[in-house]
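Novice: Below you'll find the structure I mean.
The values are calculated or read from the model by the stated rules, or taken from the named source; none is laboratory data. Everything numeric here is computed off the predicted structure, so don't read it as measured data. Here the Cβ positions follow ideal geometry from the backbone for every residue, glycine too, while neighbour counts run over all protein chains shown. Please note that ligands, DNA and RNA were not included when accessible areas were found on the heavy atoms of the full protein model with its side chains. Shrake-Rupley method; radii C 1.70, N 1.55, O 1.52, S 1.80 Å.
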Amino acid sequence: MRVETNTVFPMEYLDFELPVKELIEQLDKCEVIGKESDVDVTNTCKQIEEKLHETKVKIYGNLTAWQRVQLSRHPNRPYTMDYVQALCGDTFLELFGDRGFKDDKAMIGGLGKIDGQSFMIIGQQKGYNTKTRQYRNFGMANPEGYRKALRLMKMAEKFNIPVISFIDTPGAYPGLEAEERGQGEAIARNILEMIRLKVPIIAVIVGEGASGGALGIGVGDRVFMLENTWYSVISPESCSSILWKSWEYKEQAADALKLTSADMKRQQLVDDIVPEPLGGAHYDRATTFQSTKEYILKGFNELKDLSTEDLVAKRMDKYSKMGEYSE
């Protein structure tokens with residue numbers, strides 16, 4: 001298995017997080033003074049900690065849609081392979097290739113165990129620095145990535161193994177070569193096959209859930225979103241550039257698109273929201289991984305005793321009821 005992690009890099013802060021950064025730096029300096037001198041700084045550190053908590057509650061308790069989009073892209077945020085390593089450990093065996101063209105590094109997949117239960121795990125991987133982001137094509141899969149995912153899902157069906165899908169992509173790769181190899185057909189084929197797959201499917205949006213790139217592995221019996229993620233047919237920047245001919249209106253676009261986890265739950269397009277630690281998933285990875293694991297296992301336990309016929313029928317019924325239309 002190719003090991004990738006971004007935990008070794010220093011914490012980065014978004015523009016609206018600068019008050020938090022300043023208080024953290026003050027707290028660090030206060031602790032250093034306490035260690036290097038005889039001055040008792042206990043009360044001072046405690047006051048800074050209280051102020052830091054209050055500031056976090058104020059900032060992260062009133063996030064706009066655009067700020068949640070920014071958090072979903074945070075460079076310190078855990079990616080798919082971080083979840084795989086945390087949940088499966090050494091039991092994960094990565095599988096490669098679509099058996100038709102090549103292995104797409106933006107789409108990972110393989111077998112792993114969570115609490116002794118085997119799962120087929122697939123998902124987009126972005127990469128944690130310039131070199132690995134290029135290697136992973138920034139999490140934007142080509143057609144062979146979706147065909148690899150489908151190959152692994154059909155393998156899971158053959159051996160009656162449930163499927164977990166981790167979604168984190170700015171979209172399917174829009175390049176000419178991707179279109180030449182049938183990007184649209186590959187995504188459409190996955191949606192068709194996933195809707196009638198005869199094993200439980202649990203999809204978890206852990207970062208960005210953009211357009212067909214997300215839908216290509218996003219059809220599930222249970223679909224969960226982490227609290228600071230987004231799910232939409234188009235990104236706020238692209239929406240802004242189409243409607244206003246400029247990226248300057250991306251914040252208004254984010255509000256209008258109703259793309260946050262709360263919006264998705266309200267519209268009954270996802271089943272539940274996985275809570276994140278105060279500040280986002282990157283502030284407390286262990287808690288984030290544990291919460292995600294609990295939701296996955298809870299969803300699986302609700303599905304595991306259903307007959308194949310009931311499982312597929314319920315999945316089809318779920319997606320048939322989405323949206324509003326009239327005849």
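Novice: Could you give every pair whose Cβ atoms fall below 8 Å, whose first residue belongs to region 40-53 and is farther than 12 Å from I24 by Cα, and whose second residue is of a type outside the set (F, W, Y) and surrounded by 16 or more Cβ atoms within 10 Å (Cβ to Cβ), counting only separations of at least 6 or pairs across chains?
Specialist: Close Cβ pairs satisfying both conditions: V41/C30; T44/C30.
Novice: Okay, next question. Taking the condition surrounded by 14 or more Cβ atoms within 10 Å (Cβ to Cβ) and in contact with a strand residue (DSSP E or B) (Cβ under 8 Å, 6 or more places away or on another chain), does F300 pass?
Specialist: When the stated conditions are applied, F300 passes them.
Novice: Does region 272-293 include one or more residues that are under 14 Å from the mean Cα position of the chain (by Cα), β-branched (V, I, T) and part of a helix (DSSP H, G or I)?
Specialist: yes
Novice: Which is at pLDDT below 95 and closer than 27 Å to F119 by Cα, of N76, N62?
Specialist: Only one candidate passes the filter, namely N76.
Novice: Moving on to the next point. Taking the conditions exactly as written (at negative phi and either surrounded by fewer than 24 Cβ atoms within 10 Å (Cβ to Cβ) or among the β-branched types (V, I, T) (or both)), does E177 satisfy them or not?
Specialist: yes
Novice: With the requirement that a residue be aromatic (F, W, Y) and either more than 18 Å from I121 (Cα to Cα) or in contact (Cβ under 8 Å) with a residue 12 or more places away in the chain (or both), what does region 143-188 give you? Show your work before the answer.
Specialist: Quick first cut of region 143-188, residues aromatic (F, W, Y) only: 146, 159, 166, 173.
Across region 143-188, the qualifying residues are Y146, F166, Y173.
Novice: Still on this structure: So S165 passes all but one of these: (1) at pLDDT 95 or above; (2) open to solvent by 40 Å² or more (accessible area, probe 1.4 Å); (3) of a type outside the set (D, E). Which condition number does it fail?
Specialist: Failing condition for S165: (2).
Novice: Here is a further query. Of the residues Q85, Q26, which single one is out of contact with any Lys or Arg (no Cβ under 9 Å at 6 or more places or on another chain), surrounded by 15 or more Cβ atoms within 10 Å (Cβ to Cβ), polar (S, T, N, Q) and in contact (Cβ under 8 Å) with a residue 12 or more places away in the chain?
Specialist: Details: Q26 fails: out of contact with any Lys or Arg (no Cβ under 9 Å at 6 or more places or on another chain).
Every option except Q85 fails the conditions.
Novice: Please pick out the residue among G212, G207, G216 that is open to solvent by less than 60 Å² (accessible area, probe 1.4 Å) and either touching a Phe, Trp or Tyr at 6+ places or on another chain (Cβ under 6 Å) or farther than 25 Å from D82 by Cβ (or both).
Specialist: When all the criteria are applied, what remains is G216.
Novice: A further question on this structure: So A188 passes all but one of these: (1) out of contact with any helix residue (DSSP H, G or I) (no Cβ under 9 Å at 6 or more places or on another chain); (2) hydrophobic (A, V, I, L, M, F, W, C); (3) surrounded by fewer than 21 Cβ atoms within 10 Å (Cβ to Cβ). Which condition number does it fail?
Specialist: All conditions pass for A188, except number (1).
Novice: Among the residues of region 29-78, write down those that are open to solvent by 30 Å² or more (accessible area, probe 1.4 Å), in contact with a strand residue (DSSP E or B) (Cβ under 7 Å, 6 or more places away or on another chain) and in a helix (DSSP H, G or I).
Specialist: Within region 29-78, just R68 meets the criteria.
Novice: Same structure, new question: I want to confirm something. Restricting to region 26-59 and keeping residues that are hydroxyl-bearing (S, T, Y) and over 30 Å from T229 (Cβ atoms), which single residue is modelled with the highest pLDDT?
Specialist: Residue satisfying both the conditions and the ranking: T44.
Novice: Have a look at K131, K105, K148, K154 and point out the one that is under 20 Å from P170 (Cα atoms), assigned to a helix (DSSP H, G or I) and either open to solvent by 40 Å² or more (accessible area, probe 1.4 Å) or β-branched (V, I, T) (or both). Spell out how you get there, then give the answer.
Specialist: On the way: K105 fails: assigned to a helix (DSSP H, G or I); K148 fails: either open to solvent by 40 Å² or more (accessible area, probe 1.4 Å) or β-branched (V, I, T) (or both); K154 fails: under 20 Å from P170 (Cα atoms).
None of the other options fit; the residue is K131.
Novice: I'm checking my understanding of the structure. Among residues of region 311-327 that are more than 24 Å from the chain's Cα centre (by Cα) and closer than 20 Å to F159 by Cβ, which one is surrounded by the fewest Cβ atoms within 10 Å (Cβ to Cβ)?
Specialist: Among them, the one singled out is V312.
Novice: Report, by residue number, each residue of region 223-234 that is part of a loop (DSSP other than H, G, I, E, B) and open to solvent by 20 Å² or more (accessible area, probe 1.4 Å). Before the answer, list the steps.
Specialist: To start, the set of residues in region 223-234 that are part of a loop (DSSP other than H, G, I, E, B) comprises 227-229, 233-234.
Hits for region 223-234 are E227, V233, I234.
Novice: Moving on. Would you confirm whether or not region 289-300 contains a residue that is at positive phi and without any contact (Cβ under 8 Å) to a residue 24 or more places away in the chain? If you could, list the steps in order and put the result at the bottom.
Specialist: Taking region 289-300 first, the residues at positive phi are none.
For region 289-300, residues at positive phi and without any contact (Cβ under 8 Å) to a residue 24 or more places away in the chain: absent.
Novice: If you don't mind, another one. Identify all residues within region 88-102 that are open to solvent by 50 Å² or more (accessible area, probe 1.4 Å) and assigned to a loop (DSSP other than H, G, I, E, B); write none if there are none.
Specialist: F96, R99, G100, F101, K102
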